[in-house]
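Some notes on the structure that comes next.
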Amino acid sequence: MANLTINGKKIEIDVEPDTPLLWAIRENIGLTGTKYGCGIAQCGACTVHVDGVAMRSCGMLVSEADGKAITTIEGLAADGKLHKVQQAWIDHDVPQCGYCQTGMIMAVAALLKDTPKPTDEEINEAITNICRCGTFAQVREAIHAVANA
Ligand code: FES
Ligand code: FES
C-alpha cells in the first residue's frame, strides 16, 4: 500500500512500492493529464510537483513519493482560477498537439515560483522538456510574458 497526497487529497492505493509514480497517478488514481512520453525521465511529459519541486514522475517510485505533497496539472488551478502559467499558455497560443504541454506547464510553474524573472539562460537550464511540435519559441515568449506581467 502507498499513501499519496495528490492535489490536497490523501489517497491510499494498493500498488507495489517500486511502481513508478506516473503509473499510480494515471492508472490507479485516474488523473490522465500527466502524460507518458519516454518513460526514462528524458522528455518531461510526466512532470508533476513533489513538495513544490518539478519532478519527472516516470522516474520516481511510489515509495519515494509516500507522504509527500504531489500536485498534478489537475490541481494547478486554484479557487476556480487558472494558474498564471495556464492563462499565459492560452493568451500566447502555446500548445500545438498539446501532448507535452501539461509537463511543460508544470515545469514552468515550478521555475517561476523559485525564479520569477528568469533569463533565457535560466529558462534553458530549467526547461529541458521535449516538444515534438517545436513550441519552444512560444513557451519562452509566454514565460517572459508571465515574468513581466
Ligand atoms: S515520460 Fe517521464 S520524462 Fe518522459
Ligand atoms: S505541443 Fe505537441 S509535442 Fe509539444
message: Tell me the net charge near Gly52. Cut-off is 14 Å between Cβ atoms, Gly52 excluded, with +1 for each Lys or Arg and -1 for each Asp or Glu.
response: 0
message: With every atom except the alpha carbons ignored, what do you get for Rg and Dmax of the chain, in angstroms?
response: 14.9, 45
- request: Run a plain Debye calculation on segment 2-75 (Cα atoms as equal point scatterers, no solvent) and give log10 I(q)/I(0) at q = 0.16, 0.23 Å⁻¹, rounded to two decimals, same order as the q list.
  value: -0.44, -0.98
statement: Taking every other residue with Cβ under 14 Å from the Cβ of Leu31 and scoring Lys and Arg +1, Asp and Glu -1, one gets +1
message: Only counting other Cβ atoms within 10 Å, I'd like Trp23, Trp89 sorted with the fewest neighbours first.
response: Trp23, Trp89
query: Listing Val48, Val146 from the residue with the fewest other Cβ atoms within 10 Å to the one with the most, what is the order?
result: Val146, Val48
query: In what sequence do Cys97, Cys133 fall when counting other Cβ within 10 Å, fewest first?
result: Cys97, Cys133
task: Return the aspartates and glutamates within reach of Lys117: Cα separation strictly under 15 angstrom, same-chain partners fewer than 8 residues apart disregarded; answer none if there are no such residues.
output: Glu125, Glu141
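Just so you know, all these numbers are worked out from the coordinates, no wet-lab data involved. Everything numeric here is computed off the predicted structure, so don't read it as measured data. Positions of Cβ are generated from backbone atoms using ideal geometry, with glycine treated the same way; all protein chains shown enter the neighbour counts.
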